[in-house]
1. Tell me the GluC sites (Glu not before Pro) within segment 15-91 that lie in a loop according to DSSP and have at most 13 other beta-carbon atoms within 10 Å.
2. Using a 1.4 angstrom probe on heavy atoms only, work out the carbon and sulfur share of the accessible area of the chain in %.
3. How far is helix 2-60 tilted off the main Cα axis of the chain, in degrees rounded to 10, range 0 to 90?
4. Once each part is reduced to its C-alpha centroid, what is the distance from segment 59-128 to segment 1-45 in angstrom?
5. Counting heavy atoms of the protein chains only and a 1.4 Å probe, report the per residue accessible area for segment 7-68 as a whole number of Å².
6. Restricting things to alpha carbons, tell me how big segment 37-139 is in terms of Rg and Dmax, in Å.
7. Lysine pairs, Cα distance under 24 Å, 8 or more residues apart or cross-chain: how many in the chain?
8. How much mean residue ellipticity at 222 nm does the chain get from its helices, if each DSSP H run of length 4 or more adds -39500 (n - 2.57) and you divide by all residues, to the nearest 500 deg cm²/dmol?
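The values are calculated or read from the model by the stated rules, or taken from the named source; none is laboratory data. Just so it is clear, the structure is predicted and the values come from calculations on it, not from any experiment. Methodologically, a virtual Cβ is constructed for each residue, glycine included, from the backbone with ideal geometry; neighbour enumeration extends over all protein chains shown. Just the protein is used for accessible areas: all its heavy atoms, side chains included, with ligands, DNA and RNA removed. Shrake-Rupley method; radii C 1.70, N 1.55, O 1.52, S 1.80 Å.
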Amino acid sequence: MNTVILLAFLFAIAGFFGYLVTLYNGLVAIKNDIDKAWANIDVLLKQRHDELSKLLDVTKGYAEFERDTLTKITQARSQYSQAVTFDQKAQADQSMTSALRGFFAVAENYPDLKANSNFMQLEQRITQLENQIADRREFYNDSVNTFNIRIQQVPDTFVAAFMRLTPRTLLKVDDADKTDVQMSFAQGK
C-alpha cells in the first residue's frame, strides 16, 4: 500500500515537472519566434535600404525633382543605417515608410520620371518589399501578442517570472502615417 502511494506521489511530481518543462519550452519557442520575426523584418528593411540608393540615383537625373522629398528619403536612410536597437530600427522604418509615400506621390508630377523603365522597376521592387514588410510586421505583432498573453496567464506567468520575461512592444503605425498623402498634379511644382 505504501509503495502504491509513493509511486503515485512520484508520478505526480514527475508529471508536474514535465508540465513545467512544457511551459518553459513553449515560452522559449515563442520568444525565439519573435526574434526570428524581427530578423526577417530587418532583412527586408536592409533590402529596401539598398534599393533606395538605386532609386535615388535614377531620380537625381531629374534636376527639377523636389529636393525636400529627396532629403527626407536620404535622412530616413541615414537614420536606418545608424539604428542599433529595436526601437531605433522601428522608428527608422516608420520614417522611411512615410518618406516613401511622399516620394511616390510627388513622382506622379513627373511623367518623364514615371516613364523611365529603371524607375518603374525600382518602384515595383520597393512596393513588393513594402508589402512583404507589412506581412512580416503582422506576423511579428501576432507573435508578440501571443507571447504577451502567455506570460500574463496562469500558470505561465510563474514560469515567465522565473525566466525574467517581460512584455514586448508591438509595432505600431505612427500618427503621421495615418494621414492622407497630399498629391498635386500641377506641373512645375
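1. Details: sites: Glu51, Glu64, Glu66; in loops: Glu64, Glu66.
For GluC sites (Glu not before Pro) across segment 15-91 that sit outside H, G, I, E and B with at most 13 neighbouring Cβ atoms in 10 Å, the list reads Glu64.
2. Details: 6610 of 11730 Å².
That fraction is 56 percent.
3. Here the helix axis deviates by roughly 10 degrees.
4. 45 Å
5. Numbers: 3660 Å² over 62 residues.
Normalised by residue count, the accessible surface of segment 7-68 is 59 Å².
6. 13.5, 41
7. Eligible lysine pairs with Cα atoms under 24 Å apart amount to 27.
8. Details: 6 runs with 146 residues, N = 189.
Roughly -27500 deg cm²/dmol at 222 nm, from the helical runs in the chain.
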